Amino acid sequence: MDFLPIFLDVREQPCLVVGGGEVAARKTALLLRAGARVTVQAPALHAAFDAALGAARIEHRAASFRDADVIGYALAIAATNDNAVNRAVAAAARARRIPVNVVDQPALCSFIMPSIIDRAPVIVAVSSGGASPVLARLLRARLESLIPAGYGRLAALAAAFRDQVRTRFKPAARRRFWERALQGPIAELAFSGRDAEARKALQEAIDDTRLADPRFSLTGGEVSLIGAGPGDPDLLTFRALRLMQQADVVVYDRLVSPPVLALARLDAERIYAGKERARHTLPQEDINHLLVRLAKAGKRVVRLKGGDPFIFGRGGEEIATLAAEGIPFQVVPGITAAAGCASYAGIPLTHRDYAQSVVFVTGHLQDGSMNLNWPALAQPRQTIVFYMGLLGIDILCRQLVAHGLPAATPAALIQQGTTPQQRVLTGNLDTLPGIVRQSDVHAPTLIIVGEVVRLRDQLKWFEPAA
Ligand code: SAH
């Protein structure tokens, strides 16, 4: 180990930054965030200081650096573009045993500054010991995506209950308590900003007499209804990925792509809940009860749905059953097929000149017909996105024309959008049914109707290379 990692308390401590450029401004801002009193020494200050300082105040000493200027400071940072000045600062500080950092010159430093992930009060620091700052930054980016943005809220929650927990439990039980409390439902409440509920749940956990039993689990018994997006695993949210990696059981349906499913915890049990048109593997009723049963058995259940759970996903029905049974649950939004397919096909859903509104409708056939508000749909300057519309394509094209849209209105079919198998076929309300038959189009396919489809020719370059 070349460096000793420590976290320094600089609150109200005088710190010196030598340099007036953008880098000096960044270092100054960081010191201020940690509560330091900062003196900046430089003939003039770059405009970046205005942005970096906000309402905070610094002392500006507009003089060139002399050896004695470091006296009295708890810490010094040299960030000038003049090597001689940087060396002078380092020498002056080192001679007086004042910790000193010279930006990008590890050889002159008595301490180096890590890349940080700030979830105050939780701070994660990453350093390559000066070997490769870029590598440290890349690692930092990976950690950023792993550590929930609300981690600081969880730490604040733990701090608020620390004394109470210390009084209530002996050391071994206390550790066990925190290990159980800081994962699972209480943590998820804190992450999603439901602070009052998190406090209540934590208080209940502290008061729960069953906690004396080490087998009693605080972490089990919850359901996350997660939007898995339209197919490309890169379109998952950070929260979705985190919950998938903690899951005991994953209940998924047909629209969830294999690469997305592969991201769930390796040893999680996977249950296929089906849903193919006319061949419902599990009736909705059974899915609802399956989720309840698994959660009651103490499992962390992830219910993965294609796209967004609340857009033609029957998410509302599944959580209604959970709510009625008192099972803790959360809903994680996903990228819906309309958003994913449209951007991957180069079709903006709205456009200043072509469409001021967009409607999402189901083209699902019931008893061979489609009961939609056609006059409201067949409006000029409106984009219509049909989900589940493939079987009813003849009806929907005919009805839109019958209610006033020109037969030449452009339309697109996007099959398996955002996946490597994505196909985009374009035509108009007159030609679309024929295209479906000739080109063997199959589900899942999204239909987009409206003038915006024309823009695809200009924006096609945007499509990922096949
Ligand atoms: N909850 C989902 C929609 C479920 S309804 C969402 O928000 O996206 C199922 C319909 O969604 C399919 O019939 C199809 O019209 C559309 N769909 C879902 N994923 C798709 C994809 N990758 N490509 C094209 N259409 C898709």
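Hey, got the dipole for the chain? About the Cα centre, +1 on K and R Cβ, -1 on D and E Cβ, debye to the nearest 20?
Result for the chain is approximately 1280 debye, rounded to the nearest 20.
What ³J(HN,Hα) values, in whole Hz, does the Karplus curve 6.51 cos²θ - 1.76 cosθ + 1.60 give for segment 78-95 when θ = phi - 60°, with x put for Gly and Pro?
3J(HN,Hα) across segment 78-95, in whole Hz: 9, 9, 9, 9, 10, 4, 5, 5, 4, 5, 5, 4, 4, 5, 4, 6, 4, 4.
Applying the Karplus parametrisation 6.51 cos²θ - 1.76 cosθ + 1.60 with θ = phi - 60° to the phi angles of segment 177-185, what ³J(HN,Hα) value in whole Hz is obtained for each residue in order, glycine and proline being reported as x?
Using θ = phi - 60°, the values come out as 4, 5, 4, 6, 6, 7, 10, x, x Hz.
With unit charges on the beta carbons (Lys and Arg positive, Asp and Glu negative) and the dipole taken about the Cα centre of segment 14-113, which residue among V18, G72, V102 sits farthest to the positive side?
G72
I want the antiparallel fraction of DSSP beta bridges within the chain, as a percent rounded to 5.
Antiparallel bridges make up about 35 percent of those DSSP assigns within the chain.
Mind checking which aspartates and glutamates have their C-alpha under 12 Å from K296, skipping anything on the same chain fewer than 8 residues away?
In chain and number order, the partners are E222, E325.
By what distance, in whole Å, do the Cα atoms of the chain stretch along each of the three principal axes, largest value first?
88, 62, 36
So what J values fall out for segment 138-155 if you push phi through Karplus, 6.51 cos²θ - 1.76 cosθ + 1.60 with θ = phi - 60°, rounded to Hz, Gly and Pro as x?
Listing the rounded values in order: 5, 5, 4, 4, 5, 5, 3, 6, 8, 9, x, 4, x, 4, x, 5, 5, 5 Hz.
Provide the net charge surrounding G150, with neighbours chosen by a C-beta distance below 15 Å and charges set as Lys +1, Arg +1, Asp -1, Glu -1.
The answer is +1.
For segment 94-207, what log10 I(q)/I(0) values come out of the Debye formula at q = 0.11, 0.13, 0.17 1/Å, with one point per alpha carbon and no solvent?
Results for segment 94-207 at q = 0.11, 0.13, 0.17 Å⁻¹ read -0.54, -0.67, -0.85.
Give me M244, M370, M113, M1 sorted ascending by neighbouring Cβ count inside 10 Å, so fewest comes first.
Ascending Cβ contact count within 10 Å gives the list M1, M113, M370, M244.
Compute the acute angle (0 to 90°) between the alpha-carbon long axis of helix 284-296 and the principal axis of greatest extent of the alpha-carbon atoms of the chain; round to the nearest 10°.
Once rounded, one gets 30 degrees.
Within a 10 angstrom radius of the beta carbon, how do K27, K305, K170 rank from fewest other beta carbons to most?
Least crowded to most crowded, the residues run K170, K27, K305.
With 10 angstrom as the radius, rank C341, C15, C109 by how many other C-beta atoms surround their C-beta, starting from the fewest.
C109, C15, C341
Here, each number is a calculation from the coordinates, and none is a lab measurement. Note that the coordinates shown come from a computational prediction; the quantities given were computed from them, not determined experimentally. Positions of Cβ are generated from backbone atoms using ideal geometry, with glycine treated the same way; all protein chains shown enter the neighbour counts.
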